[in-house]
1. Quickly run through segment 40-53 and pick out the residues that are touching a residue at least 24 places away in the same chain (Cβ under 8 Å) and surrounded by 13 or more Cβ atoms within 10 Å (Cβ to Cβ).
2. Is it the case that segment 179-187 has a residue that's assigned to a loop (DSSP other than H, G, I, E, B), touching a residue at least 12 places away in the same chain (Cβ under 8 Å), within 27 Å of the chain's Cα centre (by Cα) and assigned by TED's automatic domain parsing to the domain that holds Ala217?
3. What pairs come up if the first residue lies in segment 213-235 and is closer than 18 Å to Trp168 by Cβ and in the same structural domain as Met140 (by TED's automatic domain parsing), the second is of a type in the set (S, T, N, Q) and surrounded by fewer than 20 Cβ atoms within 10 Å (Cβ to Cβ), and their beta carbons are under 6 Å apart, counting only those six or more places apart or on different chains?
4. Do you know which of the residues in segment 59-70 that are in contact with a helix residue (DSSP H, G or I) (Cβ under 9 Å, 6 or more places away or on another chain) and touching a residue at least 24 places away in the same chain (Cβ under 8 Å) is farthest from Pro44 (Cα to Cα)?
5. Could you pull out the residue among Leu149, Leu143 that is in contact with a Leu (Cβ under 9 Å, 6 or more places away or on another chain) and in contact (Cβ under 8 Å) with a residue 60 or more places away in the chain?
6. Residues in segment 95-105: is at least one out of contact with any Ser or Thr (no Cβ under 8 Å at 6 or more places or on another chain), within 23 Å of Gln288 (Cα to Cα) and outside the structural domain of Arg37 (by TED's automatic domain parsing)?
7. List the pairs whose first member sits in segment 249-263 and is at pLDDT 90 or above, whose second member is surrounded by fewer than 24 Cβ atoms within 10 Å (Cβ to Cβ) and hydroxyl-bearing (Ser, Thr, Tyr), and whose Cβ atoms are under 6 Å apart, counting only residues at least 6 apart or on separate chains?
8. Got a sec? Which of Arg37, Arg5, Arg56, Arg20 is at negative phi, without any contact (Cβ under 8 Å) to a residue 40 or more places away in the chain and under 39 Å from the mean Cα position of the chain (by Cα)?
Amino acid sequence: MHDDRLLVDRYLTHVRVQKRLAERTVTLYTLDLEKLREFAALVPVDLCRVHNAHIRRWVAQMHSAGRTGRGIALILSGWRSFYRWLGQEGLVSSNPVQDVRAPKVAKPLPKALGVDEAVQLAAYRNTETDPWLQARDAAMVELLYGSGLRVAELTGLDVQASTSARGWVDQQAGLAHVLGKGDKRRSVPVGSHALQALQAWMTVREQGLRVDSAQDAQHALFIGRNGTRLTSQSIWQRLKSRSLQAGLATPVHPHMLRHSFASHVLQSSGDLRAVQELLGHANISTTQVYTRLDFQHLAKAYDAAHPRARSKPDKT
């Protein structure tokens, strides 16, 4: 039988002196091992006699108590290192933490604008802004939100189709042809508002070209004031600025408009397969995250409208 406190102290001295870990890391290890000792004392079981089943039970207890998967993973990492050291010291025959994993962390929901917010952003016009920039930015927002394009797909658009074009908009057919992830081509509808914005942009676009503009810029649908193809970073900056000017509470980024597109189409149609095709997802499981957004929308509508959601039950 070994003194558990003495073992922990020896290990902490080892990581502090021999491994020369940062003091902050040693402090975290100390807290992790104190928790391990508390769990073991409740069984009770010596630290050198802890089994895999004990570790799994304690993980379940931490998870049910509300600790996040990431937090549990960090604790398990500390415990795993401790038992690895005990094995090196010949005090345990196997590491009881070796094959134990923390509960999976739920993927955060993608951020999407409400319908009113998205329309507010798309319809926003600032008379004080350079008309050339205003026309360009309006067309970009309409394509990002109206067709669900990725920002890289937007920057890859050319004015017209060619063998070298990564993408283009067929205004007559009302379709955007883009090259998505994995070099997979797809075609998505372009709405009337986006087509109108594109036409307005095309009437002024050439004002941004220079005599010495590269051939790539000559072909690019969206260009900057420096006469080159617009970059993804520039679009992020312009969209953030536009959303704040439009009075939205949250700064908007390009992928948020793609999420909004998917969520709003799903709310209206309920057709998950169609949304998958429009977004260009290879696997429908990627698209299914938007059903959670859709459920949130329905839940909010219920809370706001249903009389039994708003009324408080009588106390008996």
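The values are calculated or read from the model by the stated rules, or taken from the named source; none is laboratory data. In this text the structure is predicted, and so the values were computed from the model without any measurement. Cβ: placed from backbone, ideal geometry, glycine included. Neighbour counts: every protein chain shown.
1. Those that are touching a residue at least 24 places away in the same chain (Cβ under 8 Å) and surrounded by 13 or more Cβ atoms within 10 Å (Cβ to Cβ): Ala40, Asp46, Leu47, Cys48, Val50, Asn52.
2. Within segment 179-187, the subset assigned to a loop (DSSP other than H, G, I, E, B) is 180, 184.
Still in the running and touching a residue at least 12 places away in the same chain (Cβ under 8 Å): 180, 184.
Filter again for within 27 Å of the chain's Cα centre (by Cα), leaving 180, 184.
Still in the running and assigned by TED's automatic domain parsing to the domain that holds Ala217: 180, 184.
For segment 179-187, residues assigned to a loop (DSSP other than H, G, I, E, B), touching a residue at least 12 places away in the same chain (Cβ under 8 Å), within 27 Å of the chain's Cα centre (by Cα) and assigned by TED's automatic domain parsing to the domain that holds Ala217: present.
3. Listed pairs, sorted by first residue: Ala217/Thr228.
4. Gly69
5. On inspection, the qualifying residue turns out to be Leu149.
6. yes
7. Pro251/Ser243; Val252/Ser243
8. Values: Arg5 fails: under 39 Å from the mean Cα position of the chain (by Cα); Arg56 fails: without any contact (Cβ under 8 Å) to a residue 40 or more places away in the chain; Arg20 fails: at negative phi.
When all the criteria are applied, what remains is Arg37.
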